[in-house]
Amino acid sequence: MKMNALDWIAWILVLVGAINWGLIGAFNYNLVGMIFGLGIIAQWIYILVGLAALYIIWMMLAKKGKKK
């Protein structure tokens, strides 16, 4: 599977989100909040992570549809 720049950005954002949630669950430590504070920048990071996850889901479903 050849990935373009948008695919890479989406995967990196989802990875950041997954690591952050793992740290919150295991140690109650919000890495994104600690780096960017709890203001608007962190909120935008969370929005981008969510949009990246939706993009990856869409990408996977589109790829699954092409195989049939």
Is there a residue being among the hydroxyl-bearing types (Ser, Thr, Tyr), farther than 26 Å from Met3 by Cα and touching a helix residue (DSSP H, G or I) at 6+ places or on another chain (Cβ under 8 Å) anywhere in region 22-30? yes
Residue in region 1-57 that is nearest to Lys67 (Cα to Cα), counting only those that are assigned to a helix (DSSP H, G or I) and polar (S, T, N, Q): Asn20
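Yes/no matrix, rows are residues, columns are (1) modelled with pLDDT under 95; (2) surrounded by 13 or more Cβ atoms within 10 Å (Cβ to Cβ); (3) charged (D, E, K, R):
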| site | (1), (2), (3) |
| --- | --- |
| Ala5 | no, no, no |
| Leu13 | no, yes, no |
| Ala18 | no, no, no |
| Asn30 | no, yes, no |
| Val49 | no, yes, no |
| Ala52 | no, yes, no |
| Lys64 | yes, no, yes |
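The values are calculated or read from the model by the stated rules, or taken from the named source; none is laboratory data. This structure is a prediction, so every number in the text was calculated from the model and none was measured. Heads up, the Cβs are rebuilt from the backbone with ideal geometry, glycines too, and the neighbour counts pull from every protein chain shown.
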